[in-house]
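*Asks:* Just dropping this structure here.
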Amino acid sequence: MARSAEQSSKGVHVSKEPLDTPPMAIHTLGDEVLRTPAKRIGKVDESVRELARQMLLSMYAAKGIGLAAPQVGVHQQLLVIDLDLENPATPPMVLINPEITAEGGSICTYEEGCLSIPGVYLDVVRPSVVEVSYRCEMGRSRRLKADGLLARCILHEMDHLNGVLFVDRVSDGASLEEGLKEKGFDRAHVRSLL
Ligand code: NI
């Protein structure tokens, strides 16, 4: 798993202990806020870092590894990711205004889930490697080349910034129908990209 050498989260440190009550509610499939594209963040200031902290606490409470601001009803281009929930010493990542600069590797299939569609896990095809440019929580420009789960997670979360959900990318219609129905979601809310 690729990881930025200069990664730091000193600006957004929070406990990874899951709270009983998350500070922000996570919107679910069918809620229009998930379909509204996010806007670029101008100045990366304390209000942006506070949003990142509240998102991290909400993500940890839900035991998720990634969360995008539109999922908590904020239409700004901000993602938080932490693939190492068990280790308090591993800093989370904060990606502000992320842009994909390259995609590559192989095309791979992996079972994804989403805090906005709880309990539903389905296969999605994506490229295995991604390069992104973004700003960190201190406002500094960063570049990152990621593969494996991190690449998958970045691509999934970046979709949220464009109002796209992983179920829009599921090709197996029967599994999609069944998976959503089982958890009480309506397939009519899927906007297939395939
Ligand atoms: Ni998601």
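*Asks:* Can you confirm whether residue 149 is part of a helix (DSSP H, G or I), within 15 Å of residue 28 (Cα to Cα) and within 16 Å of the ligand (Cβ to nearest atom)?
*Replies:* On the way: part of a helix (DSSP H, G or I): yes; within 15 Å of residue 28 (Cα to Cα): no; within 16 Å of the ligand (Cβ to nearest atom): yes.
Spelling it out, it is not the case that residue 149 is part of a helix (DSSP H, G or I), within 15 Å of residue 28 (Cα to Cα) and within 16 Å of the ligand (Cβ to nearest atom).
*Asks:* I'd like to verify a number: residues in the stretch 129-187 that are β-branched (Val, Ile, Thr) and open to solvent by 20 Å² or more (accessible area, probe 1.4 Å), how many?
*Replies:* Looking only at that region, the number is 2.
*Asks:* Return the pairs, sorted by first residue and then second, in which the second residue is away from the ligand (no atom under 16 Å from the Cβ) and in a helix (DSSP H, G or I), the first residue lies in the stretch 161-185 and is in contact (Cβ under 8 Å) with a residue 60 or more places away in the chain, the beta carbons are less than 7 Å apart, and the residues are 6+ apart or on different chains.
*Replies:* 180/187
*Asks:* Is it true that some residue in the stretch 85-107 is part of a loop (DSSP other than H, G, I, E, B), among the β-branched types (Val, Ile, Thr), more than 16 Å from the ligand (Cβ to nearest atom) and under 26 Å from residue 50 (Cβ atoms)?
*Replies:* Yes, the stretch 85-107 contains a residue that is part of a loop (DSSP other than H, G, I, E, B), among the β-branched types (Val, Ile, Thr), more than 16 Å from the ligand (Cβ to nearest atom) and under 26 Å from residue 50 (Cβ atoms).
*Asks:* Would you please name the residue that is nearest to residue 72 (Cα to Cα), looking only at residues in the stretch 109-128 that are exposed (fewer than 15 other Cβ atoms within 10 Å of the Cβ) and more than 14 Å from the ligand (Cβ to nearest atom)?
*Replies:* Result: 125.
*Asks:* Moving on. Quick one: which residue in 80, 74 is among the β-branched types (Val, Ile, Thr), at negative phi and under 11 Å from the mean Cα position of the chain (by Cα)?
*Replies:* Checking each option against the conditions leaves just 80.
*Asks:* Those residues that are part of a strand (DSSP E or B) and under 13 Å from residue 66 (Cα atoms), I need them from the stretch 108-130; list them, please.
*Replies:* The one that is part of a strand (DSSP E or B) and under 13 Å from residue 66 (Cα atoms): 112.
*Asks:* So which of 38, 52, 61 is of a type in the set (Gly, Ala, Ser) and either at pLDDT below 95 or under 16 Å from residue 159 (Cβ atoms) (or both)?
*Replies:* 38
*Asks:* Looking only at residues in the stretch 15-67 that are surrounded by 18 or more Cβ atoms within 10 Å (Cβ to Cβ), hydrophobic (A, V, I, L, M, F, W, C) and more than 16 Å from the ligand (Cβ to nearest atom), which one is nearest to the chain's Cα centre (by Cα)?
*Replies:* Step by step, filter the stretch 15-67, then rank; the result is 52.
*Asks:* Out of 194, 144, 155, report the one residue that is in contact with a Leu (Cβ under 9 Å, 6 or more places away or on another chain) and either under 26 Å from residue 52 (Cβ atoms) or not in a helix (DSSP H, G or I) (or both).
*Replies:* Working: 194 fails: in contact with a Leu (Cβ under 9 Å, 6 or more places away or on another chain); 155 fails: in contact with a Leu (Cβ under 9 Å, 6 or more places away or on another chain).
When all the criteria are applied, what remains is 144.
*Asks:* Residue by residue through the stretch 68-84, note down the ones that are open to solvent by 10 Å² or more (accessible area, probe 1.4 Å), aliphatic (A, V, I, L, M) and away from the ligand (no atom under 12 Å from the Cβ).
*Replies:* Once the filter is applied, which keeps residues that are open to solvent by 10 Å² or more (accessible area, probe 1.4 Å), aliphatic (A, V, I, L, M) and away from the ligand (no atom under 12 Å from the Cβ), the stretch 68-84 yields 74, 83.
*Asks:* As an exercise: evaluate residue 28 against (1) within 26 Å of residue 143 (Cβ to Cβ); (2) at pLDDT 95 or above; (3) polar (S, T, N, Q); (4) in a loop (DSSP other than H, G, I, E, B) and give the number of the one condition it does not meet.
*Replies:* Only one criterion in (1) within 26 Å of residue 143 (Cβ to Cβ); (2) at pLDDT 95 or above; (3) polar (S, T, N, Q); (4) in a loop (DSSP other than H, G, I, E, B) is unmet by residue 28, namely (1).
*Asks:* Here is a list: 52, 68, 62. Which entry is in contact (Cβ under 8 Å) with a residue 12 or more places away in the chain and in contact with a His (Cβ under 9 Å, 6 or more places away or on another chain)?
*Replies:* On the way: 52 fails: in contact with a His (Cβ under 9 Å, 6 or more places away or on another chain); 62 fails: in contact with a His (Cβ under 9 Å, 6 or more places away or on another chain).
Being in contact (Cβ under 8 Å) with a residue 12 or more places away in the chain and in contact with a His (Cβ under 9 Å, 6 or more places away or on another chain) holds for just one of 52, 68, 62, which is 68.
The values are calculated or read from the model by the stated rules, or taken from the named source; none is laboratory data. What you are looking at is a predicted structure, and each value in this text was computed from that prediction instead of being measured. Glycine gets a Cβ as well: all are built from the backbone with ideal geometry, and neighbour counts include every protein chain shown. For accessibility, only protein heavy atoms count, side chains too; no ligands or nucleic acids. Shrake-Rupley method; radii C 1.70, N 1.55, O 1.52, S 1.80 Å.
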